[in-house]
1. In the stretch 364-398, what trypsin sites (Lys or Arg not before Pro) fall in a loop by DSSP, with at most 16 other Cβ atoms inside 10 Å?
2. Quickly estimate the mean residue ellipticity at 222 nm for the chain, helices only: each DSSP H run with n ≥ 4 gives -39500 (n - 2.57), and the total goes over all residues, rounded to 500.
3. What are the ³J(HN,Hα) couplings of the stretch 439-446, residue after residue, when phi is run through the Karplus curve with 6.51, -1.76, 1.60 and θ = phi - 60°? Round to Hz, x for glycine and proline.
4. Quick check: residue separation of D377 and L311 times 0.36 nm, minus the Cα distance between them. What number comes out in nm?
5. Residue farthest toward the positive end of the dipole of the stretch 218-344, with Cβ of Lys/Arg at +1 and Asp/Glu at -1: which of Y315, T227, T285?
6. Subtracting the Cα-Cα distance from 0.36 nm times the residue separation, let me have the gained length for T285 to K322 in nm, one decimal.
7. Taking only C-alpha pairs under 8 Å that are 6+ residues apart, what is the relative contact order of the stretch 107-189 in percent?
8. In whole angstrom, how far apart do the alpha carbon centroids of the stretch 98-130 and the stretch 273-313 sit?
Amino acid sequence: MKTYKEAILNASDFGEDFIWGVSTAAYQIEGAHDLHGKGPSIWDKFTATPKTILNGDNANVSCDFYHRYKEDILLMKSMNIDNYRFSISWPRVLPNGTGAINKAGIEFYNDVINFCLDQNITPWVTLYHWDLPQNLEEKGGWTNRDILNWFSEFTKVCANAFGDRVKNWMVLNEPMVFIGAGYFLGVHAPGKKGLKNFLPAAHHAVLCQAEGGRLLRKLVPKAHIGTTFSCSQITPYRNNKRDRKTAVQVDALLNRLFIEPALGLGYPINEAPVLKKLQPYIQSTDMEDCQFNFDFIGIQNYTREKVKYSLFVPYIKAKIVKASKRNVQTTLMDWEVYPPSIYNMIKKYNDYPQIKKIIITENGAAFKDTMFEKKIDDTQRKDFLKRYLGQVLKAKQEGLNIHGYFVWTFTDNFEWAEGYHPRFGLVHIDFKTLKRTIKESGKWFSNFLSS
């Protein structure tokens, strides 16, 4: 058997049942932001607000996947990719968030699903990848407990429309990011800030991820149901007691807050005392209702973070030390390239006996891509993927509970607050002409999958 330390990796090293795929998100690729009955999302409004997005970018057209889905799916097939993760745009199927169903939206996703199946590509659907209908945000969005009813309605619509063909489901994408960045820091849509928004939104997201799972279990026969979590290895910046304690607290907030209630462990209040402030939002049966026995957990790892104690940071007294200030290799996102982080996060979640199966549902990197003679030799991305996959193989060979890997992402896209500056794709997109060009990393991944 080859070991993970060897330079040459083959997909076959991971076993016949290991799942390989690529991940995308509706708002980041679809475009057609107001066509055929689609309602506005919080990201449509946020990107139209001055000074929120780098270079004033928006995703009104983006990759135009809405019109070019066949081209992209055929490109996937040509690259030996046979699992495709994408999300359903809530306002495309329910323009007002609840009520009238947009038949054109349902038809679009039916077309995508059917074309995937025609090409022997298995669809993996994410219910919520951050594009809340603006109409619901005006009623409080995730801070309003009514989101449990709104999200349940959306889940039922999707399960009933697509569940006869889609058997792989993910309920939420990275709740810590869309709640933390959107309802605490205000740097993502809808741009709200402060604990008064973060705490209720976080608790309601935990309840929705479990309720979404229960509804899918009820409505979709033989469904394979998961949900996804962002995660980063958290390391103390200095080897002193304060920084070590700070690292434990930050780990509880970033890596444990959303998963442990689902596993029946409650919130990690002992390690992150600020979470005691959740109590006013917790009703009598909530902690039981937070639990769901997922078939798999998706973990999404890109980097590690080093943290230090900081007296001047409210609530948590913790500060992340930027990678650019630590003399380490970084991506365009100023994230440290640290391959052992993905191994360490697999190991961390492997230690929860309640988790049946772990899948890497996102991993990838943004680097500066340059085209020369119609070729994009993105050596750094190729190296990143090889090194991180080497660590996934290490986990697999040690018998850890890892069963799949999805690259983020298939094509370059709209990268939220960073606009079109960071490119994560295996496939380059010229956003003026929308021409697709497979990068050298994409060719490498294609050859890897055929091995």
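1. Values: sites: K368, K374, K375, R381, K382, K386, R387, K394, K396; in loops: K368, K374.
Filter output for the stretch 364-398: K368, K374.
2. Counting only the DSSP helices, I get -10500 deg cm²/dmol.
3. So the Karplus estimates, Gly and Pro as x, are 6, 5, 5, x, 5, 4, 5, 4 Hz.
4. Working: separation 66, 0.36 × 66 = 23.76 nm, distance 4.50 nm.
Gain on extension, D377 to L311, equals 19.3 nm.
5. After comparing all options, I get Y315.
6. Details: separation 37, 0.36 × 37 = 13.32 nm, distance 4.05 nm.
Full extension of this stretch gives 9.3 nm more.
7. Relative contact order of the stretch 107-189: 41 percent.
8. 30 Å
The values are calculated or read from the model by the stated rules, or taken from the named source; none is laboratory data. Because the structure is predicted, anything quoted here is derived from the model rather than measured. Glycine gets a Cβ as well: all are built from the backbone with ideal geometry, and neighbour counts include every protein chain shown. Note: accessible area is taken over every heavy atom of the protein model, side chains too, but ligands, DNA and RNA are not part of it. Shrake-Rupley method; radii C 1.70, N 1.55, O 1.52, S 1.80 Å.
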